[in-house]
Amino acid sequence: MKLKRSLILVIAFSFFALVGGANCALAKTFVYFTNSLTNDVTVVDPVTNRAIAVVPVAGSPHGIAVTPDGTRVYVAFQGGPSNFPGVSVIDASTNKVVANIIFPTDLGADPWGVALTPDGTRAYVTDRTGRVWVIDTGTNSVVATLTGFGSPTGIAITPDGARAYVADPVTGFHQNGFVWVIDTGTNSVSTVNLGFGIAPLAVAITPDGALAYVATSDGSVAEIDTATNSVVRTVPGVGIFPDAVAFTPDGTRAYVASGVSGTVSSVIDTATNSVVATVNTFNSVNGVAITPDGTRAYLAEGSFFVEFIDIATNVLRTTLPLPGKGRFGVAITPAPAGNQPDTTIASGPTGLTRSTSATFTFSATDPGATFACQLDAGGFVACTSPITYSNLSEGNHTFQVRATAAGGTDPTPAQFSWTIDLTAPTAMIDSIPLDPSNQTTATFAFHASELSSTLQCSLDGAQFADCSSPKVYGSLLNGQHTVSVQAIDAAGNQGASSSARYGNRYNAQ
């Protein structure tokens, strides 16, 4: 067995020697795996799925995150030199460590998860001894230490950078499970209670920032409304002890990885909040990250190989062996800022209509883009142009569509709002001439229940014609006369007519 292991290691490192001279500038996107047993980070080119570098770090690495501009990689490590824990900072252009941020050992730090603010100025690092460390990435120094947690692990920051959500599994065992919410402006902390005995294990934020998905020890995902910090629903059946969550760039799917060997990774449809697929894995999965184009979900899984899920088919793919052992965390270079596709709605219904169907056509600046559509608050789902919605209810509606391409997802979805009006207006006659009248003219006043309506009048059964109030009829003959008024609103709804009768007796002597 020792001979076989040595042979595998020789092959793996010989392979790295062949490709290790590659420079990060050769590709836009890279996958970074932390290797907790060999104290290094493997850098993979997702185009070839080959290792292009192995970067030694100061200790046993766990959590990892890439700055939004893709220039640096922050790696939380344990047991560094003289047992000093902290964070190694890798220059992504050279694949070399340019700084080690050491945490005080007298506090017994156990760094675990890493998350960066969207502007890249702060790194938040969870510490399983009950702390969250805040790092200024400009100086690579600790600027705050937040205390009072249980044993925090997973962490995610909202797209606006305002809040960090922290999963704390120790709070959920034999007590109420808490998700901690850090206000990044003030570093003040609040909590979301998941309930007794529910341990939060991992957390991710939807691309639009509306929800935090929290994987929990009971094999479910709790969805937290980030506006109210309350649990709005729970998705069951995601596997045993799920410990990683990641979203596709368009937000239509969430991938939840199980931390127990021989189980599955689950795929959640975020529109229906249900598990729509499961993917068998060979070993326990500690991390999952999705490429900016939304085509692959890479897994930090304890084998020698590159493993990823083909998102189009939800099939597990295994490719070339990689150097490094004990894969724990995974992170991928974000889409470059400003390279996201722009989405445009080309056609849709009129702003006010009585049609209960609506058809939209749309496009993106990137011809290879895919799309996700949302009607009202129904959640984004994959779609193609044109798309038609039927049997819509009366009232206001909003359609949104966003494109996803190699550069990421359009951060500002195209939006179209319109109103369906199915209610016909009512025409009401306010005044009529005296009955009987001795005049050859008659004046009628009337109005419609909807101010924007067109009014039409008819005298004695004649064809309706546009009119306005007051309406004066002249040269009337003796006898009974009937005036009718109807209203047509801006959507084209025509109401029933209202009528009034009066008698004309001007020649009677």
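Considering only segment 450-476, how many residues are in a strand (DSSP E or B) and either closer than 21 Å to Thr440 by Cβ or of a type in the set (Gly, Ala, Ser) (or both)? Even if it seems obvious, please write down each step before you answer.
Of the residues in segment 450-476, the ones in a strand (DSSP E or B) are 454-459, 465-466, 471-473.
Now drop any that are not either closer than 21 Å to Thr440 by Cβ or of a type in the set (Gly, Ala, Ser) (or both), which leaves 457-459, 465, 471-473.
So the answer is 7.
Looking at segment 100-108, can you tell me whether even one residue there is in contact (Cβ under 8 Å) with a residue 24 or more places away in the chain and among the hydroxyl-bearing types (Ser, Thr, Tyr)?
The answer is no; no qualifying residue exists.
Out of Ala212, Ala202, report the one residue that is among the small types (Gly, Ala, Ser), farther than 14 Å from Pro159 by Cα and either crowded, with 20+ Cβ neighbours inside 10 Å or touching a residue at least 40 places away in the same chain (Cβ under 8 Å) (or both).
Details: Ala212 fails: farther than 14 Å from Pro159 by Cα.
After applying the criteria, what remains is Ala202.
Could you list all residues from segment 241-255 that are open to solvent by less than 30 Å² (accessible area, probe 1.4 Å) and either farther than 16 Å from Ala271 by Cβ or without any contact (Cβ under 8 Å) to a residue 24 or more places away in the chain (or both)? Break it down into steps so the answer makes sense when it comes.
So the first thing to find is which residues in segment 241-255 are open to solvent by less than 30 Å² (accessible area, probe 1.4 Å), and the list is 242, 244-252, 254-255.
Pro242, Ala244, Val245, Ala246 - these are the residues of segment 241-255 that are open to solvent by less than 30 Å² (accessible area, probe 1.4 Å) and either farther than 16 Å from Ala271 by Cβ or without any contact (Cβ under 8 Å) to a residue 24 or more places away in the chain (or both).
Looking at Phe380 and the list (1) over 17 Å from the mean Cα position of the chain (by Cα); (2) among the aromatic types (Phe, Trp, Tyr); (3) open to solvent by less than 20 Å² (accessible area, probe 1.4 Å), which single condition is not satisfied?
The number of the failed condition is (1).
Taking segment 169-192 only, how many residues are in a strand (DSSP E or B), of a type outside the set (Asp, Glu) and at pLDDT 90 or above?
Taking segment 169-192 as the starting set, the residues that turn out to be in a strand (DSSP E or B) are 176-183, 188-192.
Cutting the leftovers down to of a type outside the set (Asp, Glu) gives us 176-182, 188-192.
Still in the list and also at pLDDT 90 or above: 179-182, 188-192.
Of the residues in segment 169-192, 9 are in a strand (DSSP E or B), of a type outside the set (Asp, Glu) and at pLDDT 90 or above.
Taking segment 287-307 only, how many residues are in contact (Cβ under 8 Å) with a residue 24 or more places away in the chain and outside any loop (DSSP other than H, G, I, E, B)?
12
Restricting to segment 417-435, name every residue that is open to solvent by 50 Å² or more (accessible area, probe 1.4 Å) and assigned to a strand (DSSP E or B).
Within segment 417-435, the subset open to solvent by 50 Å² or more (accessible area, probe 1.4 Å) is 417, 422-423, 426, 428, 430-432, 434-435.
The answer is Ser417, Met428, Asp430, Ser431.
For the structure I just gave you, tell me whether Ile429 is over 30 Å from Asp342 (Cα atoms) and modelled with pLDDT of 90 or more.
Numbers: over 30 Å from Asp342 (Cα atoms): yes; modelled with pLDDT of 90 or more: yes.
Criteria met by Ile429.
Within segment 304-313, count every residue that is of a type outside the set (A, V, I, L, M) and closer than 13 Å to Thr42 by Cα.
Residues of segment 304-313 that are of a type outside the set (A, V, I, L, M), as a first pass: 304-305, 307-308, 310, 313.
Subsequent filtering for residues that are closer than 13 Å to Thr42 by Cα retains 304-305.
Residues flagged as of a type outside the set (A, V, I, L, M) and closer than 13 Å to Thr42 by Cα within segment 304-313 amount to 2.
Restricting attention to segment 170-211, which residues are over 24 Å from the mean Cα position of the chain (by Cα) and closer than 18 Å to Val256 by Cα?
Result: Ile198, single match.
The values are calculated or read from the model by the stated rules, or taken from the named source; none is laboratory data. Everything numeric in this text was worked out from a predicted model, so none of it was measured. Quick reminder, even Gly has a Cβ in these numbers, built from the backbone with ideal geometry, and neighbours come from all protein chains shown. Ligands, DNA and RNA are stripped out before the accessible areas are found, and what is left, the full protein with its side chains, is counted by its heavy atoms. Shrake-Rupley method; radii C 1.70, N 1.55, O 1.52, S 1.80 Å.
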